[in-house]
Structures are given as C-alpha cells and as structure tokens.
1. So, Val156, is that one buried (at least 23 other Cβ atoms within 10 Å of the Cβ) and of a type in the set (A, V, I, L, M) or not?
2. Examine the range 56-78 for a residue that is part of a helix (DSSP H, G or I), within 15 Å of Ser148 (Cβ to Cβ) and either away from ligand 2 (no atom under 13 Å from the Cβ) or not β-branched (Val, Ile, Thr) (or both), and state whether such a residue exists.
3. Checking Pro93 against (1) touching a helix residue (DSSP H, G or I) at 6+ places or on another chain (Cβ under 8 Å); (2) open to solvent by 30 Å² or more (accessible area, probe 1.4 Å); (3) assigned to a helix (DSSP H, G or I); (4) not charged (D, E, K, R), which test does it fail?
4. Kindly indicate whether Phe91 is more than 16 Å from ligand 2 (Cβ to nearest atom) and of a type in the set (A, V, I, L, M, F, W, C).
5. Cβ-Cβ below 7 Å, separation at least six or inter-chain, first residue in the range 110-134 and more than 10 Å from ligand 1 (Cβ to nearest atom), second open to solvent by less than 10 Å² (accessible area, probe 1.4 Å) and charged (D, E, K, R): which pairs?
6. So which residues in the range 114-137 are more than 24 Å from Ala207 (Cα to Cα), within 16 Å of ligand 2 (Cβ to nearest atom) and out of contact with any helix residue (DSSP H, G or I) (no Cβ under 7 Å at 6 or more places or on another chain), if there are any at all?
7. Which residues, counting only those in the range 21-40, are surrounded by 22 or more Cβ atoms within 10 Å (Cβ to Cβ) and either more than 12 Å from ligand 1 (Cβ to nearest atom) or not small (Gly, Ala, Ser) (or both)?
8. Would you mind telling me which numbered condition in (1) farther than 24 Å from Cys28 by Cα; (2) more than 15 Å from the chain's Cα centre (by Cα); (3) not in a helix (DSSP H, G or I) Glu85 fails?
Amino acid sequence: MDAPNTRILPYNAHNTAEAAALIAAGQCVAVPTETVYGLAADATDGAAVAGVYAAKGRPSFNPLIVHVLDVAAAKKLAAFDARAEALAAAFWPGPLTLVLPLKPSSGIASLVTAGLETIAIRVPAHRAMRALLEACGKPLAAPSANASGTISPTRVEHVMASLTDRIPLVIDDGPTRQGIESTIVREVFGMTRILRHGPITGAQVLAALSTGKRKVDRFDTGADAPETVEAPGQLSSHYAPRKPLRIDAPRAAEDEWMIGFGPTPGDDTLSASGNLTEAATRLFDLLHRADASDLPKIAVAPVPDDGIGEAINDRLRRAAHRD
Ligand code: TXA
Ligand code: MG
C-alpha cells in the first residue's frame, strides 16, 4: 500500500465530487455522519473494502455497516419484515442500524458482511454522508474512521490522529452531533434484539414496535439476553465454516478440500500471485465453497502475517479452533 498524504477539505459539492471520484477508483474517504466520522468505501468492491480494514489496522474482520440513501435502496440489499419496516419508518434517516437477512442478489462484497447471511444497514441523516452516497450511487461500507482500539472519531482531529497518511481525504463538516455510534438492532426470524446501545434507546425501539396493531412478543434488550432462536451462521456475529479446518497446511490430506495461497496450490486459491488484498476479498467466499464441497474437511495453505494477512490469519485461526 502506498501512503497518500491525507487532505482535509470542507464539505461542499465540489469536494463531495472529489471524494466520490476517489471512492469510484477503489479508495476510502473519511466523511462525517450524525454519529461519528465514517471511513467510506464502495461496498460492492471487495478490494476497496480490504483497503478500509488495512487503513484501520483492524487485526480481524468484523462485519461493517452499509450506508444507503433510503429504504428503497436498503430493500435491494436485505429482507424486511413488518417489524423492520416499522423501525425504518420510525428512525431513518438517523442513528439506527438494522441487521437483517442479506439478499443473495445484493452485490455486496462478502468481506463487508464477513461471510454472514445477515447485513447491517443504516440510512444516515448527515448532509455530507448523504451527498456522498448520492454522488457515488453505490452503497457505502463505513466503519468508524479511527484506528482499531482508539476513541470514536467525532472530530476531524480524531480522524487525523489515527488515519493520517493512511487515507487520501477527509471531508470536514465540523464535529458530529451525536458523538456515539448508532444503535444496532437485529431483526431476524421475527425476533428483535439490540446488539449495540446508542443514541436511540431501547425504550424508543420498543415504542416504535408497539404502535398500531403490532404487538411486541419477543424482544431482547442486550447481549446478555438468552438466545431463543438457534440457526448457525445466521444469528452469530461471526461466520465460521461447519467443517474442521486445518491452517498452515503445505498440502491437503485425501479427505481435505485445499484452499491454496501463492505457491501452494489447492482446489481453490486465495491468491495465486500471493496478493494479500486479493486473498482478503476472496476469503469468505472460499470458506463457503469449501463448506459446500463434497470433502469432509478443509485445509488452508500458510498465509504470511503481513498487513491485512494478520486479519486473514485471525479469522482462519478462529475457524480452526472451533469444535
Ligand atoms: O454510527 C455508526 O454506526 C458508525 C457510522 C460511521 O455509521 N459506524 C460504525 O461502524 O460504528 P463500526 O464498523 O465501527 O461498527 C459496526 C458494528 C460492529 O460492532 C459489527 O460487529 C456490527 O456493527 N455488525 C455489522 N454487521 C453485523 C451483522 N451482520 N451482524 C451483527 N453485527 C454486525
Ligand atoms: Mg467502531
């Protein structure tokens, strides 16, 4: 990765067009939302999304929030039930993120959802993010614009403190209004659950669900609440293959589907040329394919721990250590 000099430009139509051109070219740009500054990239471009992880120095792949302009755009990506519709109607545009079943036709890069069958979506209210979404005409994946493990970026200085020379551009529109990240509500299988507390309270979510004829039957308020629905891969916040997986494998055993990398060949390869960005973009698709193969086990070639390779290895190690 080359290290660009990070420019700070004020929010206006001209600079929004400049940011959109960078995003169209596969780069990521920091832009304010009403909660915190986000680091935005084209959510349909796996390599661009790999660039977001690389810039943030995230040692692992957590799924990212996808931002869109309106409910119609959100419905192209995810399945809405009546409860999701009620929440969207009540809080969008605004600081609410909905985790919903992902539509297979979404076109969203698998690195955005980290291989999950669900997607986190938000319709932001901030003029700078909305103008960028309009100029790009694409859903934008945007985690908070800070390096992994640092405070939430509510001002340009916070963004610059951790991302200087890691991204080409920050759009400056002053401090953000809310200052904390959006409330995340998962709405899957008719069960509503708050995954992250934020500017919209649990009571507000409950009130929105209880209006009119809709009755709230099942509602969890927090991460400690017991699961009442089990469906591997759908409710967990991390995808892992169902089959046993062996890492650092120089070659496959007879009962293993081999995922190669660089010089190590396989049934599939993360990247024949040994390119780690390409490997990151292919990782979750290849794990799904390995899970669907007719062999009972999976082996993965050694992947170097450099740069985004660290996040790849983190995900592979977790997959290998599951029982
Ligand atoms: O306010 C916000 O939400 C900001 C602004 C920029 O929009 N964004 C933000 O993104 O906070 P990030 O990446 O820092 O946090 C995303 C959260 C993570 O905790 C992730 O685990 C969760 O969303 N998440 C994303 N997709 C998910 C999914 N399919 N299932 C469960 N959790 C998901
Ligand atoms: Mg964050």
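The values are calculated or read from the model by the stated rules, or taken from the named source; none is laboratory data. The structure displayed is predicted, hence computed values, not measured ones. All Cβ positions, even for glycine, are placed from backbone atoms using ideal geometry, and neighbour counts span all protein chains on display. Note: areas computed on protein heavy atoms with side chains; ligands, DNA, RNA excluded. Shrake-Rupley method; radii C 1.70, N 1.55, O 1.52, S 1.80 Å.
1. no
2. Yes, that holds for at least one residue.
3. Checking Pro93 against (1) touching a helix residue (DSSP H, G or I) at 6+ places or on another chain (Cβ under 8 Å); (2) open to solvent by 30 Å² or more (accessible area, probe 1.4 Å); (3) assigned to a helix (DSSP H, G or I); (4) not charged (D, E, K, R), the one that fails is (3).
4. yes
5. Ala125/Glu34
6. Met129
7. Ile23, Cys28, Val29, Val31, Pro32, Thr33, Thr35, Val36, Tyr37, Leu39
8. Answer for Glu85: the failing condition is (3).
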